[in-house]
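Notes to accompany the following structure.
The values are calculated or read from the model by the stated rules, or taken from the named source; none is laboratory data. Nothing here was measured: the structure is a model prediction, and the numbers come from that model. Methodologically, a virtual Cβ is constructed for each residue, glycine included, from the backbone with ideal geometry; neighbour enumeration extends over all protein chains shown.
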Amino acid sequence: MTRQQIEDVFARRDQTIARRDAFAVSAVYSVDAVVESPTAGGDVHGREAIGGITRAWVSGFPDVKFTRQSLIIDGDRAAWIGEVTGTDTGGFMGLEATGKPFRVPMIMLCTLADGFIVRERRIYDFTGMLIQIGVLKKKSL
């Protein structure tokens, strides 16, 4: 893939997540893509499962915003660097909504082929996010 093609894939991903369209987000991944995500507790395989992770975010945090700060491209690999913000008003992952906001930095390390993301590793402080929204309590030192 060319650099421009990779940039286009990420532009589509950013636009579809901004619309909170889980189906359209999953379409930027290959049919047999693998995503490693703290939300899933490990690897998920295929577009349907990837769409499920996206649905968990957009239903739990209806105002969720993924803000890209940088996109680093090296051959068929790319690193999306940014932050995610939102407010727990939808009840994240089936838990009762807390009404509390969160902000976490996030990195997505991706491999692309044939116009799609084929592998992605999402790196962010999932525990810290759960503390911010009040699902977990921070231990006092």
List the pairs whose first member sits in the stretch 104-132 and is closer than 16 Å to F66 by Cα, whose second member is basic (K, R), and whose Cβ atoms are under 6 Å apart, counting only residues at least 6 apart or on separate chains?
M108/R122; L109/R121
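From the list G86, G82, G52, pick out the single residue that is closer than 23 Å to G42 by Cα and either modelled with pLDDT under 95 or of a type in the set (S, T, N, Q) (or both).
Going through G86, G82, G52 in turn, the sole match is G52.
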Provide a single number: the residues in the stretch 4-50 that are among the aliphatic types (A, V, I, L, M), more than 20 Å from P62 (Cα to Cα) and touching a residue at least 12 places away in the same chain (Cβ under 8 Å).
8
Of residues in the stretch 81-91 being assigned to a strand (DSSP E or B) and more than 12 Å from the chain's Cα centre (by Cα), the one surrounded by the most Cβ atoms within 10 Å (Cβ to Cβ):
G86
Tally time: how many residues in the stretch 9-60 are closer than 19 Å to T127 by Cα and in a loop (DSSP other than H, G, I, E, B)?
4
Of these, A97, A113, which one is exposed (fewer than 13 other Cβ atoms within 10 Å of the Cβ) and on the phi < 0 side of the Ramachandran plot?
A113
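In the stretch 28-45, which residues are among the small types (G, A, S), at pLDDT below 95 and surrounded by fewer than 20 Cβ atoms within 10 Å (Cβ to Cβ)?
Filtering the stretch 28-45 for residues among the small types (G, A, S) gives 30, 33, 37, 40-42.
Now restrict to residues that are at pLDDT below 95: 37, 40-42.
Selection gives A40, G41, G42.
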Any chance you could count how many residues in the stretch 119-133 are more than 18 Å from G41 (Cβ to Cβ) and either surrounded by fewer than 18 Cβ atoms within 10 Å (Cβ to Cβ) or charged (D, E, K, R) (or both)?
0
The one condition A78 fails out of (1) surrounded by 19 or more Cβ atoms within 10 Å (Cβ to Cβ); (2) in a helix (DSSP H, G or I) is (2)
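Within the stretch 105-119, is even one residue in a strand (DSSP E or B) and either of a type in the set (F, W, Y) or more than 30 Å from Q5 (Cβ to Cβ) (or both)? Lay out the reasoning, then the answer.
Initially, the stretch 105-119 is screened for residues in a strand (DSSP E or B), giving 105-113, 116-119.
Those still in the list that are either of a type in the set (F, W, Y) or more than 30 Å from Q5 (Cβ to Cβ) (or both) too: 116.
Among the residues of the stretch 105-119, at least one is in a strand (DSSP E or B) and either of a type in the set (F, W, Y) or more than 30 Å from Q5 (Cβ to Cβ) (or both), which makes the answer yes.
One line per residue, one yes/no per condition, for (1) in contact with a helix residue (DSSP H, G or I) (Cβ under 9 Å, 6 or more places away or on another chain); (2) crowded, with 18+ Cβ neighbours inside 10 Å:
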position: I50; (1), (2): yes, yes
position: D63; (1), (2): no, no
position: R68; (1), (2): yes, no
position: M93; (1), (2): yes, no
